[in-house]
Amino acid sequence: MDEVSNLATMFLGSQSSYEDISIVDANGKVLYSSNSNLIGTDISGESYFVNMATSGLSTQSALHISSASGEPCITFAIPMRTDMVMVGVAPNR
């Protein structure tokens, strides 16, 4: 996970509008997050995750207030695939 952490840090450093980036398994459990408080969280019931999981396409949440920063944000869910099988999602705010 060190390589994932380094890539996430590099990405967040180049994208000042992003609050955090996470990697979630196909069941909705957060495996990695640049916000360590999110690791282990179950997002399987979040509408952006459900929509992404059922469509297989990138989705986004409605505008909401971030629990981390208290700022308005939109969460994006981007499917991650191996041999065209969805293995997780990369939500970022």
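The number of residues in region 34-54 that are part of a helix (DSSP H, G or I) and farther than 28 Å from Asp2 by Cα comes to 4.
To keep it simple, each residue is scored yes or no on (1) at pLDDT 90 or above; (2) touching a helix residue (DSSP H, G or I) at 6+ places or on another chain (Cβ under 9 Å).
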{"residue": "Ile43", "(1), (2)": "yes, yes"}
{"residue": "Glu46", "(1), (2)": "yes, no"}
{"residue": "Ser66", "(1), (2)": "no, no"}
{"residue": "Ser69", "(1), (2)": "no, no"}
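Looking at Ala53, Ala77, Ala8, Ala62, just one residue is at pLDDT below 85 and of a type in the set (Gly, Ala, Ser), and that residue is Ala8. Checked against (1) modelled with pLDDT of 85 or more; (2) more than 13 Å from the chain's Cα centre (by Cα), Val24 passes all but a single condition, namely (2). Residues in region 55-72 that are open to solvent by 70 Å² or more (accessible area, probe 1.4 Å) and assigned to a strand (DSSP E or B): Gln60, Ile65, Pro72.
The values are calculated or read from the model by the stated rules, or taken from the named source; none is laboratory data. Note that this is a predicted model, so its numbers are computed, not measured. Backbone-built Cβ (ideal geometry, glycine too); neighbour counts: all protein chains shown. These accessible areas exclude ligands, DNA and RNA; they are computed on the full protein's heavy atoms, side chains included. Shrake-Rupley method; radii C 1.70, N 1.55, O 1.52, S 1.80 Å.
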